[in-house]
1. Need one word for region 1-143: rounded, prolate or oblate. Basis is the Cα gyration tensor (sqrt eigenvalues a ≥ b ≥ c); a/c below 1.5 gives rounded, then a/b vs b/c decides.
2. From the list (i) 25.5, 79; (ii) 19.6, 69; (iii) 17.4, 55, can you say which value of Rg and Dmax of the Cα atoms in Å was derived from the structure given?
3. Filter the GluC sites (Glu not before Pro) in region 1-96 to those in DSSP coil with at most 11 other Cβ atoms within 10 Å of their Cβ, and list the result.
4. Pop out the carbon and sulfur fraction of the accessible area of the chain as a percent, whole number, probe 1.4 Å.
5. I need two numbers for region 146-200: Rg to one decimal and Dmax as a whole number, Cα atoms only, in Å.
6. To the nearest 500 deg cm²/dmol, what mean residue ellipticity at 222 nm is calculated for the chain from DSSP H runs of n ≥ 4 alone, each contributing -39,500 (n - 2.57), summed and divided by the residues?
7. If you keep only loop residues by DSSP, which trypsin sites (Lys or Arg not before Pro) in region 111-198 have at most 14 other Cβ atoms within 10 Å of their Cβ?
8. Hey, how many Å between the Cα centroid of region 121-145 and the Cα centroid of region 196-230?
Amino acid sequence: YPMNALANSQNGELEKFLKAGFPEGEEPVTFKRYTGQEGFQERDTIMANPPDILLTNYMMLELILTRPQERRSLIRAAQGLRFLVMDELHTYRGRQGSDVALLLRRVRETLHSENLLMVGTSATMGGGRTFADRQARVAEVATRIFGTTVAPENVIGETLQRATIELALDPEVLAQALRDRVGNASFDIPRTFDGFRRDPLSAWIEQTFGVRPEAESGRLERAQPLTLEQAGQLLNRELITVFG
């Protein structure tokens with residue numbers, strides 16, 4: 001069952017984006033979950049009418065390739081497959097990684113999918129000092145698992161965007177703005193989003209604790225988390241810059 005957790009999660013997401021809001025039977029893309037959870041009758045129904053997207057796990061995919069009934073239905077329907085997506089790619093390592101890598105090669109050969117586009121997703125994969133370093137490391141692992149060249153520039157990372165205005169101010173000017181904001185007891189707290197994003201304290205919080213630019217590229221990254229005490233000390237140092 002643990003191997004089905006991802007398929008169950010993705011099934012719920014597809015329900016929201018490809019099914020909810022459409023009249024029954026008129027969904028633009030069909031999808032089905034095909035794992036050990038489904039009974040024989042449900043699997044027979046899926047084999048009789050294969051969907052556009054099949055959600056499964058790598059062990060069931062291995063069985064689909066070997067069972068005569070699945071080969072006559074699902075494998076035949078998937079000839080020339082265009083996309084194969086592996087969720088949580090970082091979990092495939094060691095002997096398990098080797099098994100999955102060889103499985104993907106058999107899938108490509110069995111389905112005669114020379115132009116098959118393989119996609120891997122992971123929220124924790126790839127370490128490195130810079131984003132370029134992480135791209136290179138992920139590309140190396142993906143190349144080994146997928147059995148095809150994955151260029152570093154094809155590794156897509158998280159793209160962050162500021163919600164507040166950027167405070168590109170002289171330290172003394174910034175400290176004065178923060179002092180006016182924090183020290184004024186009668187300050188009128190912004191009631192609109194535009195007012196909030198222009199508030200110097202909001203902007204300082206985001207650019208100090210939320211995001212930070214990568215030194216080499218300027219690309220925004222998530223800032224290192226700090227405790228509330230550390231945050232207070234940091235704000236205090238900003239204010240002391242001018243007022244002591």
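The values are calculated or read from the model by the stated rules, or taken from the named source; none is laboratory data. Every value quoted in this text rests on a predicted model; they were computed, and no experiment measured them. Cβ coordinates were reconstructed from backbone atoms using ideal geometry, including for glycine residues, and neighbour counts include every protein chain displayed. These area figures cover heavy atoms from the full protein model, side chains too; ligands, DNA and RNA do not enter into them. Shrake-Rupley method; radii C 1.70, N 1.55, O 1.52, S 1.80 Å.
1. Since a/c reaches 1.5 and a/b is larger than b/c, the shape of region 1-143 is classed as prolate.
2. The listed entry that was calculated here is (i).
3. Here the sparse-neighbourhood loop sites are 24, 26.
4. The nonpolar share, carbon plus sulfur, comes to 53 percent.
5. For region 146-200, the Cα radius of gyration and maximum Cα-Cα distance read 20.0, 64 Å.
6. Using -39500 (n - 2.57) per qualifying helix, the result is -13000 deg cm²/dmol.
7. The qualifying sites are 129, 162, 191.
8. For region 121-145 versus region 196-230, the Cα centre distance is 24 Å.
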